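A short worksheet on the structure shown next.
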Amino acid sequence: MEETTFLILLSLVMLIGSYFAGSIPLVMSLSEAKLQLVSVFGAGLLVGTALAVIIPEGIRSLFSSTHPHSHATTGESMTVIEMPSEEPDLHSLIGFSLVAGFVLMLLIDQCSSYHSRDVEVGGERLRGSVTATVGLVVHAAVDGVALGAAATTTQTDVEMIVFIAIMLHKAPAAFGLVTFLMHEGIDRKRIRRHLLIFSLAAPLLALITYFGIGQEGKETLSSVNATGIAMLFSAGTFLYVATVHVLPELTSRAGGSFKPKQLMVLVLGTMLPLVLTQGHHH
């Protein structure tokens with residue numbers, strides 16, 4: 001029961017934290033030039049988070065399933081012998097998970113573009129905002145599955161690591177999403193709706209995953225290390241949204257290339273998640 005209460009508490013913190021971080025640009029009074037800078041910073045955070053937080057955490061989580069066997073006793077020597085043959089499979093799994101996330105977003109993007117072609121006024125703008133939101137919601141939902149899967153392992157330390165990793169990128173993702181939507185000219189009421197959907201996705205999926213999986217399913221998830229796979233899959237969706245939508249949109253608004261100040265802010269945003277996670281990994 002303590003395990004369930006702990007997960008519910010983490011889910012609530014995640015919901016409130018994401019919504020609060022996303023609300024910051026809405027309550028700040030920004031000029032067009034400042035909004036552009038904040039948007040560029042948000043885009044940097046999206047890219048930096050995917051590269052410096054989610055991918056390393058996913059890989060660490062994936063390979064950690066083989067580490068416990070390194071201290072095996074003599075009776076478990078067969079497990080140790082089998083370890084090298086498992087690792088190539090894990091390497092290919094990393095690539096597969098990343099590509100699968102990226103391709104899923106590509107398909108969702110193309111489907112949304114077909115459906116929005118009939119919209120004459122602001123059709124392209126609407127499509128961009130919908131794709132960005134859908135992309136980040138899918139990403140957040142996968143994060144939720146990762147947290148729910150981590151909770152099924154009954155290892156509180158694993159659960160906390162996944163939770164911290166998720167929060168380290170959910171806050172900048174919420175911030176980045178809102179600044180992008182503001183730049184798209186979406187009205188604030190609709191932006192808050194988008195933000196609420198994004199904030200709810202991970203906590204809901206975490207609880208659904210945890211309560212929807214039977215004991216046999218929990219054992220299976222633990223053995224295939226679903227947490228690592230889910231995080232890498234979500235990194236693929238994140239990279240698609242950041243590189244195919246957010247950054248090109250900001251580049252075109254900047255007239256094809258960023259000004260030195262904007263470029264500096266973009267690099268700063270990209271590097272920040274790396275700085276934030278320096279002590280966290282240990």
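The values are calculated or read from the model by the stated rules, or taken from the named source; none is laboratory data. Small disclaimer: the values here were computed from a predicted structure and weren't measured. Note that we place each Cβ from the backbone using ideal geometry, even for glycine, and neighbour counts take in every protein chain shown. Ligands, DNA and RNA are stripped out before the accessible areas are found, and what is left, the full protein with its side chains, is counted by its heavy atoms. Shrake-Rupley method; radii C 1.70, N 1.55, O 1.52, S 1.80 Å.
Across the stretch 232-246, the number of residues qualifying as touching a helix residue (DSSP H, G or I) at 6+ places or on another chain (Cβ under 6 Å) and either closer than 9 Å to Ala132 by Cα or of a type in the set (Val, Ile, Thr) (or both) comes to 5.
Regarding Gly144, is this residue open to solvent by less than 30 Å² (accessible area, probe 1.4 Å), of a type outside the set (A, V, I, L, M, F, W, C) and modelled with pLDDT of 75 or more? Yes; evaluated as a whole, the condition is true for this residue. Taking each residue of the stretch 186-199 that is within 16 Å of Gly135 (Cβ to Cβ) and looking for partners that are surrounded by 14 or more Cβ atoms within 10 Å (Cβ to Cβ) and aromatic (Phe, Trp, Tyr) with beta-carbon atoms closer than 6 Å, six or more apart or interchain, yields Ser199/Tyr19. Checking each residue in the stretch 182-203 for being surrounded by 19 or more Cβ atoms within 10 Å (Cβ to Cβ) and under 24 Å from Val13 (Cα atoms) picks out Ile191, His194, Leu195, Phe198, Ser199, Leu200, Ala201, Ala202, Pro203.
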